[in-house]
Structure formats: C-alpha cells, structure tokens
1. Tell me which of these ASP8 doesn't satisfy, since it passes every other one: (1) acidic (Asp, Glu); (2) farther than 30 Å from CYS145 by Cα; (3) part of a strand (DSSP E or B).
2. Does ALA94 satisfy the condition of being among the small types (Gly, Ala, Ser), buried (at least 22 other Cβ atoms within 10 Å of the Cβ) and in contact with a helix residue (DSSP H, G or I) (Cβ under 6 Å, 6 or more places away or on another chain)?
3. Under 6 Å by Cβ, and 6 or more places apart or on different chains, what pairs join a residue from segment 130-146 that is free of Cβ contacts under 8 Å to residues at least 60 places away in the same chain and in the same structural domain as LYS182 (by TED's automatic domain parsing) with one that is of a type outside the set (A, V, I, L, M) and assigned to a loop (DSSP other than H, G, I, E, B)?
4. Taking the condition of being over 19 Å from VAL80 (Cβ atoms) and not in a helix (DSSP H, G or I), how many residues in segment 11-29 meet it?
5. Given (1) at pLDDT 95 or above; (2) more than 17 Å from the chain's Cα centre (by Cα); (3) of a type in the set (Val, Ile, Thr), where does ILE33 come up short, assuming only one miss?
6. Could you go through segment 57-69 and let me know if any residue there is touching a residue at least 24 places away in the same chain (Cβ under 8 Å), in contact with a strand residue (DSSP E or B) (Cβ under 8 Å, 6 or more places away or on another chain) and assigned to a loop (DSSP other than H, G, I, E, B).
7. Among the residues of segment 218-241, write down those that are in a helix (DSSP H, G or I) and within 26 Å of GLY105 (Cβ to Cβ).
8. For segment 173-202, how many residues are crowded, with 21+ Cβ neighbours inside 10 Å, out of contact with any helix residue (DSSP H, G or I) (no Cβ under 6 Å at 6 or more places or on another chain) and not β-branched (Val, Ile, Thr)?
Amino acid sequence: MTIITSRDNPRVRRWRELTRDARQRRREKRALIEGEHLIQALLDSGRMVEELVLSKTGAAKFGTLARRSARTPVVLGDAVFKSLSDTETPAGVAAEIALPGSGAGLESSQSCVFLEGIQDAGNVGAILRSAAAFGVDHAVLGTGCADAWSPKVLRAGMGAHFGMEILEQANLVDAIAQFGGKVACTVVRGGQALKDADLAGRMGWIFGAEGQGVSDALAARAQLKVTIPMPGGAQSLNVAAAAAVCFYELSRRAAPG
C-alpha cells in the first residue's frame, strides 16, 4: 500500500483547496466531503464517489465503504489527512464528489425554500437538513448565503444535500418567478398564524438572515406573511428553528388522513 506523506503533494494541495475555497469548488464543480455518514448518504442517493481518500489509520476501518464506493482509495499519512480537515479529530475518510445540485426542475417543484443572506453555515446546513426531512425538494440560495458545500454546512446538513436539488448564487427574484407557486415568508408579528395559513398547492418559503430578516423587496414577492405564535417569553426564533416549524406544518398538512 502506497501512502502519501507529503502535504505538498499536488493531489493533496488540490483537495485542501476544495475544502477551503468556495470559488475553487464552483470552478471545478467538485467538493470534498468527510465522514462515513456523508459518504454513505451520497451512495444511498445513487451518486458516485470520484475519489475515496483514507488516512493511514482509516484504511484499516473503512474497507467495506471502499468496496461499496467501487474506488481504489488514496491513502494519506494521518498528519497529511488532518491537513485536509477543519475538525480537531478527523474521521479518517473523505471523498471527492461532483457537485450534484443544479436547481433543475424548479418550475415543477412541489416545495422549495429560498434563502436570502444567511451567512451562518450552521443555520444553512440545519435548514437544508429540515427541508430534506420534511420533503422540501429544492433549495435556492442567494448570493449572500454561506456556501452550501463548505465543510460546516455539509456537517450540519447530515446528508440532506443528496436528497434535494440545490441552486446557489441565485437571483432570488428570478428564481421565485421561475418556481411560480405560492410563496410565504415569516414575520415576527402581524402575519397570519401558521396554523391558519393556506398552504395548499405548490409552496415556497423565504427565509432571511437573523437580525435583518427578509428584505422588503423579496418580501413583496410573497403572497403569504406568516407568524409563528410563541406563547413563551422569546421575541423570535432562530431562523433554522422557524424554518423547521414551517416545513413540519407543510408536511403535516400533506400527510394522508
């Protein structure tokens, strides 16, 4: 077994760039995902691994995953593998993948989420995770959002990326017009109570950055203004929590019986 032990190896340098640089990911239409769970989710979705990368320690642990990926793994020294990771204790397994999300089929999507200016990677990943869990099949991220394929968003998404279509760097006004369905946005007060809102038909949801919320220009594109009643003392919900509540309500309404 040949083990790459230099951090200056060209393949290692390229993978490091894919991990750290959103522009590089967009140029190459490639990303590096780390961890057994994410790679299993990718394979379960029917997508393929381009390259499987193992640490020396991981080579003894992930033989089954290597066989399932149908790729001969590239093995790195443990310190070299760690240089690719932004975590203190790397999982020991990573994969180079082709970016699968294109936003195709937005005009026929049953449900979609539009994100405006959400820069926190944890919130973006959590919203994608909830969207996938409750059957929202498209996500459209505007230009001010955290990169969907960054390591932090991928970890927070927990495999959601491979169960939906994702469009990034989008003009949200144009995307909403292309979607063509009913669109709602949440407001802290003054909107229709979520339980009473008409959520029938094809539904889109707009969520904005915490603090600023949805811009006036984009809110004007929403046919529904919805408020989540909060009998407790909090003034507002975290944007990812608000999105999860809305997605759950939409899913509950659509459930048979």
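1. The one condition ASP8 does not meet is (3).
2. Numbers: among the small types (Gly, Ala, Ser): yes; buried (at least 22 other Cβ atoms within 10 Å of the Cβ): yes; in contact with a helix residue (DSSP H, G or I) (Cβ under 6 Å, 6 or more places away or on another chain): no.
So ALA94 does not fit the description; no.
3. ASP137/SER109; HIS138/SER109; ALA146/GLN119
4. Going through segment 11-29 one residue at a time, the tally reaches 1.
5. (2)
6. Applying the first criterion (touching a residue at least 24 places away in the same chain (Cβ under 8 Å)) to segment 57-69 yields 57-59, 61-62, 65, 68-69.
Adding the requirement that they be in contact with a strand residue (DSSP E or B) (Cβ under 8 Å, 6 or more places away or on another chain) leaves 58-59, 61-62, 65, 69.
Narrowing the set further to residues that are assigned to a loop (DSSP other than H, G, I, E, B) leaves 61-62.
Looking through segment 57-69, at least one residue is touching a residue at least 24 places away in the same chain (Cβ under 8 Å), in contact with a strand residue (DSSP E or B) (Cβ under 8 Å, 6 or more places away or on another chain) and assigned to a loop (DSSP other than H, G, I, E, B).
7. Kept after step one, since they are in a helix (DSSP H, G or I), are these residues of segment 218-241: 218-219, 239-241.
Within segment 218-241, LEU218, ALA219, VAL239, ALA240 qualify.
8. Number satisfying all stated conditions: 1.
The values are calculated or read from the model by the stated rules, or taken from the named source; none is laboratory data. Quantities reported herein were computed from a predicted structural model and do not represent experimental measurements. Neighbour counts run over all protein chains shown; Cβ positions are idealised from the backbone, glycine included.
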